[in-house]
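Asks: One structure, pasted below without further comment.
The values are calculated or read from the model by the stated rules, or taken from the named source; none is laboratory data. From a predicted model like this one, the values you see are computed outputs, not experimental measurements. Note that each Cβ is placed from the backbone with ideal geometry, even for glycine, and that neighbours are counted across all protein chains shown. Accessible surface is based on the protein model in full, side chains and every heavy atom, while ligands, DNA and RNA are left aside. Shrake-Rupley method; radii C 1.70, N 1.55, O 1.52, S 1.80 Å.
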Number of protein chains: 2
Amino acid sequence: MSAPSPVPMVTLSLQQVEDLTFAALVASGLSLDNAHSVTASVVAAEAEGVHSHGLARLPTYCAHASVGKIDGKALPTLTRPRPGLVRVDAADGFAHPAIDIGLPALFEAARTQGIAALAVTNSYNCGVVGYHVERIAKAGLMALGFVNAPASIAPMGGTKPVFGTNPIAFAVPQAGADPLVLDQSSSVIAKSEIVVHDQRGEAIPLGWALDKDGAPTTDPKAALAGGTMVPSGGHKGAGMALIVEMFAAWLTGANLSIDASSFADNAGGSPRTGQFFIAIDPGPLAGPEAGARLAHLFAAITGQEGARLPGMRRAAARVRTAREGVSIPKALAAKLEALAG
Amino acid sequence: MSAPSPVPMVTLSLQQVEDLTFAALVASGLSLDNAHSVTASVVAAEAEGVHSHGLARLPTYCAHASVGKIDGKALPTLTRPRPGLVRVDAADGFAHPAIDIGLPALFEAARTQGIAALAVTNSYNCGVVGYHVERIAKAGLMALGFVNAPASIAPMGGTKPVFGTNPIAFAVPQAGADPLVLDQSSSVIAKSEIVVHDQRGEAIPLGWALDKDGAPTTDPKAALAGGTMVPSGGHKGAGMALIVEMFAAWLTGANLSIDASSFADNAGGSPRTGQFFIAIDPGPLAGPEAGARLAHLFAAITGQEGARLPGMRRAAARVRTAREGVSIPKALAAKLEALAG
């Protein structure tokens, strides 16, 4: 059912992606600090081939800032309620600047306490979660990230959405190499992939989504109009979504997924979703052989015909996009150029 | 293919389960402390209807202590490498006494630091992981648990086992009710369920396991003889198994799943697997409305026709087994009575 894209495409260098993104965000009312934080995440997503969290989402970011659904000039505030806890209130603004001010405090706390957490509340879509946990791993710490989103997955045995696609992400530092990063939603596929298929006029594969009556569908519009996302592995995906919900939404004091306004339209005010990150200093626990043991584990995977470590595709995309740039629909490029003015 | 059990059964009260378990463990050479710790876990598993981690596994526990594969008289040792980290070396003994001495230190650290972790290394099968995270939640803390096991899941794209069935477990305290507990393996089904089907001479459903050539099988013996467990949700289950491996095995300094000796036979010396628990005090983050928000989330689930919260079946089993006792194969009961002497 999935046909090749009928949409004319255009190629942009990563520098052009950065310039276009920054200009569009500032023109939509973001403060320079906020625009820098969001731009870095959009460029990283495009560089890694995750278009759905890159430029494909940018018009929505701009619209939400323009209409005031989120505050593009928000000043996030940081508190330290316990030695191991960092709390950042995103103040109805973008998630990225809130995470940016939280990370240095998280790093310091994790190194001192051995383990620490960063809870971000009253926030918004943070883009690719893997991007944020990778930054924690680049500071030498092992990281786990939880993110909630407006409800689109039904609970075990149910039909009505209760959880967001609620991704979990993991990263671990590797000596002499980029961190290993794993980032997976609780659904079979990230909801943003459905949005991209819709934008490109493509059908979605069966098994990704259900329509509003709970029937399997290949129509992205039917999936997005009151449908639900299929949880990965059935009840275990719904279970994972519940765990993520408890950390990202309940524990941070953010809106539950059932109460969050849409990430896709301009209605309902600030979504006020949450993010939760755990950082651990592996040094005191993993022992002097930690590096050799990590290499031993990864070799048992990469030594198998056909097997691969998570993140290999993204690493390959980084090399490719640095050289060749990225390809996006011509209509999207025109829309972004109009936004950038 | 799954036929009704042809095996004659016998009923035991939970008190009989406890007495029989304790006697069998002590007769197999366990110290009284170790026997108490392991017995509590076996009784809890039987009470919750998780027979595969209860009496079905007890003959193996006894055999491993008798032949010295694990040290039934081990004295676990506790260190505090950082304010937020508790490390317990199980010293080639059972996991249960190691977790038992680690939990009070974990509780104290989590309350003081806001977040803390317990890393158990040089350990062994810990039974139902949910049992341990539930104890953390009963202390008023939110908990996450990771456990590794001898390799039986292939990595993404591969065919040879690298990860254990590597469960993750979660628990959160509820005012006026038992904690909500979620406990799920990274495979479609826990490996112990295959062992139980084998013991009872029953076929396993298609989709649970692959034989040694990677072909789907309904024969539990083919699954156990060099086969692999199917990961839940395909590559996402393999991804979850990798995350769990990193916490439970790599971070704790325990044996990786590829290096751990079998939990099922007497060969290969101590498995030296690991467990990792994270405990968080929700008080400073979740806010004054935390209880109402939890009830609101759970009501959105239980209010749906057919939907249920995790742990409902186990809660129902507790009521039933307290009244009616548990039903186990007569041959197993005879074997345990012989072990108990």
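Asks: Taking only segment B:50-74 into account, find how many residues are surrounded by fewer than 17 Cβ atoms within 10 Å (Cβ to Cβ) and acidic (Asp, Glu). Outline the logic, then answer.
Replies: Our first condition is that a residue be surrounded by fewer than 17 Cβ atoms within 10 Å (Cβ to Cβ); within segment B:50-74, this holds for B:63, B:66-68, B:73.
After this cut, where a residue has to be acidic (Asp, Glu) as well, the list is none.
Total satisfying the criteria: 0.
Asks: Now a separate question. Right, A:Glu305: among the acidic types (Asp, Glu) and under 30 Å from B:Thr252 (Cα atoms) or not?
Replies: Here the answer is yes, as A:Glu305 does meet what is asked.
Asks: Show me the helices (runs of 4 or more DSSP H) found entirely inside segment B:140-249 where at least 1 residues are within 15 Å of the chain's Cα centre (by Cα) and away from chain A (no Cβ under 13 Å).
Replies: Passing ranges, in order: B:191-199.
Asks: Can you say whether B:Ser327 is within 17 Å of the chain's Cα centre (by Cα), among the hydroxyl-bearing types (Ser, Thr, Tyr) and either surrounded by fewer than 17 Cβ atoms within 10 Å (Cβ to Cβ) or farther than 21 Å from B:Met142 by Cα (or both), as far as the supplied structure shows?
Replies: Judged against the criteria, B:Ser327 is not a match.
Asks: If you check every pair at least six apart or on different chains, which have Cβ atoms under 6 Å apart with a residue in segment B:66-83 that is touching a residue at least 24 places away in the same chain (Cβ under 8 Å) first and a residue that is surrounded by fewer than 15 Cβ atoms within 10 Å (Cβ to Cβ) and not basic (Lys, Arg) second?
Replies: B:Val67/B:Asn266; B:Lys69/B:Asn266
Asks: Let me ask another. Looking only at segment B:84-97, decide whether some residue is open to solvent by 10 Å² or more (accessible area, probe 1.4 Å) and within 14 Å of chain A (Cβ to nearest Cβ).
Replies: yes
Asks: For residues that are facing another protein chain (nearest Cβ under 10 Å) and open to solvent by less than 60 Å² (accessible area, probe 1.4 Å), scanning just segment B:307-324, find the one that is farthest from B:Thr11 (Cα to Cα).
Replies: Step one: filter segment B:307-324 for residues facing another protein chain (nearest Cβ under 10 Å), giving B:307-310, B:312.
Of the ones still in play, those that are also open to solvent by less than 60 Å² (accessible area, probe 1.4 Å) are B:307, B:309-310.
Working: B:Ala307: 32, B:Leu309: 29, B:Pro310: 27 Å.
Selected residue: B:Ala307.
Asks: Could you list all residues from segment B:313-328 that are touching a helix residue (DSSP H, G or I) at 6+ places or on another chain (Cβ under 7 Å) and not in a helix (DSSP H, G or I)?
Replies: Matches in segment B:313-328: B:Gly325, B:Val326, B:Ile328.
Asks: May I ask you to list the residues in segment B:261-301 that are more than 29 Å from B:Phe247 (Cα to Cα) and at the interface with chain A (Cβ under 9 Å from one of its Cβ atoms)?
Replies: B:Glu289, B:Arg293, B:His296, B:Ala300, B:Ile301
Asks: Right, next: Can you pull out the residues in segment B:7-27 that are under 19 Å from B:Asp71 (Cβ atoms) and open to solvent by 10 Å² or more (accessible area, probe 1.4 Å)?
Replies: Matches in segment B:7-27: B:Phe22, B:Val26, B:Ala27.
Asks: Next up: Got a number for residues in segment B:267-306 being assigned to a helix (DSSP H, G or I) and under 27 Å from A:Met156 (Cα atoms)?
Replies: Step one: filter segment B:267-306 for residues assigned to a helix (DSSP H, G or I), giving B:283-286, B:290-302.
Applying the additional criterion that residues be under 27 Å from A:Met156 (Cα atoms) yields B:286, B:290-302.
So the count comes out to 14.
Asks: Just to check your reading of the model, which residue among B:Gly49, B:Gly72, B:Gly68 is in contact with a Leu (Cβ under 9 Å, 6 or more places away or on another chain), small (Gly, Ala, Ser) and outside any helix (DSSP H, G or I)? Even if it seems obvious, please write down each step before you answer.
Replies: Working: B:Gly49 fails: in contact with a Leu (Cβ under 9 Å, 6 or more places away or on another chain); B:Gly68 fails: in contact with a Leu (Cβ under 9 Å, 6 or more places away or on another chain).
Testing whether each residue is in contact with a Leu (Cβ under 9 Å, 6 or more places away or on another chain), small (Gly, Ala, Ser) and outside any helix (DSSP H, G or I) leaves just B:Gly72.
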